[in-house]
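Encoded as structure tokens, the structure appears first; notes follow it.
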Amino acid sequence: MKRYLCLSMKFSVVVPVYNEEGNLQRLHKELKAVMKGMGSHEIIYVDDGSTDNTARVLGSLQGKVITLQRNYGQSAALDAGFKAAQGDFVISIDADLQNDPKDIPRLYTHLVRNKLDVVAGWRQKRKDPILTRVLTRIGRLLRGILIKDQVHDSGCTLRVYRRAAVQSLDLWGEMHRYIIALLRWKGFRTGELKVNHRARHSGTSKYTGKKAINGLTDLVFMWFINKYSRRPLHLFGTLSYLLFGLGILSELYLAYLKITRNIDLSDHALFPLGFFFILIALQLFVSGVMLDVLLRNYFNSSRIEERYIIKRVK
């Protein structure tokens, strides 16, 4: 019981920011009002290479500001904020005012009562443009097929985590959309709760078609990581066995025709195709072995490639 009381005394709020000068003053005011009633806390703003007056506005706020060297994307901004967080519970929220800070206590209570490691917000009544909602539904369908993360809204930044959960993450690309799946695979307990979603107050949406495509690429990568990251040879080996089998069967069938019907193999398309299958199978198997060795070296190495550069911390 004493340990639980200690944990509940400290919160870190991580806010990734990119060109949101018109929203920050109001957001900060709302966050302070909510967090004041929850106990000791810190607010960490991560300026993801903003090009407007975001830096100046952040400088006037009472909070920690991490400035990245350039615009790396939301995943990198969240990663930098998570690694700087000191709280026993970490809260992430967008800077565009579409997430409602008043939902934070509800999310935290749901996490504690249900003994979860992360609770994700579910924006059931979206205030986004039609194209964004369509892309979101397509993404949800594909996620259900490939990674089965069991959440309705993987794109909602409003979440409450236990510290251990965020410490286990290393984010890049568009991986922030698959945090729940990552945590589930690591054995953390996940949940979701319906939250309020507000119309954008100022600025423009950062969600574009390019990001949707990048997100799809990362989704396929996530599927591969979940199934074959530790042993890619299992995937390449299976494919090589199938192709090798097809190649051998093709050549055996042609040998049968040659013996029984004396056909000219040089005029039969199946003859070179069978050899092609066998060669590709051998190449896939060798590639799987090489990738297996490379990944073993990567996971056994303590050095992780720098994914972003922090310009300064205030």
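The values are calculated or read from the model by the stated rules, or taken from the named source; none is laboratory data. Keep in mind that what you see is a predicted model, and the values were worked out from it rather than measured. All Cβ positions, glycine included, derive from the backbone under ideal geometry; neighbour counts span all protein chains shown.
Miscellaneous remarks
- Contacts under 8 angstrom Cβ, first residue in the stretch 35-63 being acidic (Asp, Glu), partner surrounded by fewer than 16 Cβ atoms within 10 Å (Cβ to Cβ) and modelled with pLDDT of 95 or more, 6 or more apart: none
- Total residues in the stretch 30-45, condition out of contact with any Leu (no Cβ under 7 Å at 6 or more places or on another chain) and either not charged (D, E, K, R) or not assigned by TED's automatic domain parsing to the domain that holds TYR178 (or both): 10
- Of ILE104, ILE91, all but one fail to be in the same structural domain as GLU42 (by TED's automatic domain parsing), over 27 Å from ARG307 (Cα atoms) and out of contact with any Asp or Glu (no Cβ under 9 Å at 6 or more places or on another chain); the exception is ILE104.
- Hey, ASN71 of a type outside the set (Phe, Trp, Tyr), without any contact (Cβ under 8 Å) to a residue 60 or more places away in the chain and over 22 Å from ARG189 (Cβ atoms) or not: yes
- So GLU20, is it part of a loop (DSSP other than H, G, I, E, B), under 27 Å from TYR178 (Cα atoms) and touching a residue at least 40 places away in the same chain (Cβ under 8 Å): yes
- Considering residues of the stretch 32-75 that are more than 29 Å from TYR108 (Cα to Cα) and of a type in the set (D, E, K, R) only, the residue surrounded by the most Cβ atoms within 10 Å (Cβ to Cβ): ASP52
- Members of the stretch 43-75 found to be farther than 17 Å from THR157 by Cα and within 24 Å of the chain's Cα centre (by Cα), listed by number: GLY49, SER50, VAL65, ILE66, THR67, LEU68, GLN69, ARG70, ASN71
- Qualifying helices (runs of 4 or more DSSP H) (wholly inside the stretch 157-266; at least 2 residues being modelled with pLDDT of 85 or more): 163-167, 179-185, 233-261
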